[in-house]
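Step one of this worksheet: look at the structure below.
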Amino acid sequence: VIDTVEDKDEDLVSRPPIITIMGHVDHGKTSLLDAIRQTNVVSGEAGGITQHIGAYQVTTESGAVLSFLDTPGHAAFTSMRARGAQVTDVVVLVVAADDSVMPQTIEALNHAKAAGVPMIVAINKIDRPAADANRVRTELLQHEVVVEKMGGDVQDVEVSAITGQGLDSLLEAIALQAEILELKANPARAAQGAVIEAKLDVGRGPVATVLVQNGTLKRGDIFVVGEQWGKVRALINDKGERVDEAGPSVPVEVLGLNGTPEAGDVLNVVETEAQAREIAEYREEAAKDKRAAAGAA
Ligand code: GDP
């Protein structure tokens, strides 16, 4: 029932890259995510107040659209991967220029390598007097990350999340990397996506932020997601606006679930409610059996 037919080449169109920011604690992941989001907010614009839904999109000066996962750190990245959802196309590795390569920097670059996801190095806090970008480049060499200024092919950009220096260059570097990757999806098929956040909202019931990976998710679609199922009652984008549909690489809040799924669960649109319920119940039973088996062992 879950549509797994391969897409034909002629149905594929390019889709925005999905980016995760990783790096050592306090190197500026959250600050960078906030600063990048701000690059797109026209001051004074009413609709410019962004919602925190776990991901957001920005448009670069050159017109490229980028989707950022708004959950910094590699915990989210690895737990999603563990659940089978590989949603990241590009990793931005943040390294503070005044602190250089630290243990979690190494962990993060190893995660990116293991996942086969290309990296871009953001040398942050370049505004600080103690900033030493060359030290960062040299220390990265020891971990086989060879940035362009060292003759390698990993793009590196000096940035400051505080002053905004280099942010446009960072966004263009990501857009360039995405072009090389030639990311494609088929907006015409039934949607498949990954849950990046989910919660039980007092007023709205279960709410999941889904990053659509292929196809287009529409209002009224019936879906199964992990052990839950539902019918899309409303879709809300990263600006808090209700939308009728969400295409590839677009993050949206989905309302209309019968229960709360988990981050990393995969959402698939199916044809009927009976199918959705059946698959969800089957998965729930299978998960129960697995837990019982684990408990017995
Ligand atoms: P995270 O733990 O990686 O998410 O780091 P945060 O974004 O919370 O930043 C840690 C601290 O570094 C905060 O006090 C930030 O204000 C500061 N910080 C982050 N980016 C910059 C920067 O580019 N320049 C300066 N001077 N401080 C920064």
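The values are calculated or read from the model by the stated rules, or taken from the named source; none is laboratory data. Keep in mind it's a predicted model, so treat the numbers as computed, not measured. Positions of Cβ are generated from backbone atoms using ideal geometry, with glycine treated the same way; all protein chains shown enter the neighbour counts. Please note that ligands, DNA and RNA were not included when accessible areas were found on the heavy atoms of the full protein model with its side chains. Shrake-Rupley method; radii C 1.70, N 1.55, O 1.52, S 1.80 Å.
Looking at residue 220, is it within 24 Å of residue 281 (Cα to Cα) and either surrounded by 23 or more Cβ atoms within 10 Å (Cβ to Cβ) or modelled with pLDDT of 95 or more (or both)? Give the steps one after another, and end with the answer.
Details: within 24 Å of residue 281 (Cα to Cα): yes; either surrounded by 23 or more Cβ atoms within 10 Å (Cβ to Cβ) or modelled with pLDDT of 95 or more (or both): yes.
For residue 220, the condition - within 24 Å of residue 281 (Cα to Cα) and either surrounded by 23 or more Cβ atoms within 10 Å (Cβ to Cβ) or modelled with pLDDT of 95 or more (or both) - is met.
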Next item on the list: Could you please find all residues in region 13-40 being open to solvent by 20 Å² or more (accessible area, probe 1.4 Å), within 8 Å of the ligand (Cβ to nearest atom) and assigned to a loop (DSSP other than H, G, I, E, B)?
Entry: 24, 25, 26
Note to self: For region 166-186, give me each residue that is touching a Pro at 6+ places or on another chain (Cβ under 8 Å), open to solvent by 60 Å² or more (accessible area, probe 1.4 Å) and either within 16 Å of the ligand (Cβ to nearest atom) or assigned to a loop (DSSP other than H, G, I, E, B) (or both).
What the structure shows: none
Notebook entry, point to check: So which residues in region 265-277 are more than 24 Å from the chain's Cα centre (by Cα) and either within 21 Å of residue 198 (Cα to Cα) or free of Cβ contacts under 8 Å to residues at least 12 places away in the same chain (or both), if there are any at all?
Noted result: 274, 276, 277
Margin query: It is to be established whether one or more residues within region 33-40 are of a type outside the set (Asp, Glu), modelled with pLDDT of 95 or more and over 27 Å from residue 184 (Cβ atoms).
Written below: yes
Next item on the list: Check off (1) under 24 Å from residue 80 (Cβ atoms); (2) at pLDDT below 95 for residue 18 and give me the number that stays unchecked.
Entry: (2)
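Here is a yes/no grid of residues against (1) crowded, with 20+ Cβ neighbours inside 10 Å; (2) over 27 Å from residue 211 (Cα atoms):
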| site | (1), (2) |
| --- | --- |
| 70 | yes, no |
| 79 | no, no |
| 83 | no, no |
| 86 | no, no |
| 91 | yes, no |
| 112 | yes, no |
| 138 | no, yes |
| 141 | no, yes |
| 155 | yes, no |
Checklist line | Failed item in (1) away from the ligand (no atom under 14 Å from the Cβ); (2) in contact with a strand residue (DSSP E or B) (Cβ under 7 Å, 6 or more places away or on another chain); (3) at pLDDT below 75, with residue 51 passing the rest | finding: (2)
Next item on the list: Would you be able to tell me the number of residues in region 1-12 that are part of a helix (DSSP H, G or I) and touching a residue at least 40 places away in the same chain (Cβ under 8 Å)?
Entry: 1
Item checked: Filter result for residue 120 (at pLDDT 95 or above and within 30 Å of residue 214 (Cβ to Cβ)) -> yes
Item checked: Selection within region 230-246 - surrounded by fewer than 20 Cβ atoms within 10 Å (Cβ to Cβ) and not hydrophobic (A, V, I, L, M, F, W, C) -> 231, 233, 237, 239, 240, 241, 242, 244, 245
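Evaluate region 274-293: report whether one residue or more is closer than 21 Å to residue 20 by Cβ, out of contact with any Gly (no Cβ under 9 Å at 6 or more places or on another chain) and either open to solvent by less than 30 Å² (accessible area, probe 1.4 Å) or in a helix (DSSP H, G or I) (or both). Before you say what the answer is, go through the steps one by one.
Looking only at region 274-293, we keep the residues that are closer than 21 Å to residue 20 by Cβ, and these are none.
So far as region 274-293 goes, no, none of its residues is closer than 21 Å to residue 20 by Cβ, out of contact with any Gly (no Cβ under 9 Å at 6 or more places or on another chain) and either open to solvent by less than 30 Å² (accessible area, probe 1.4 Å) or in a helix (DSSP H, G or I) (or both).
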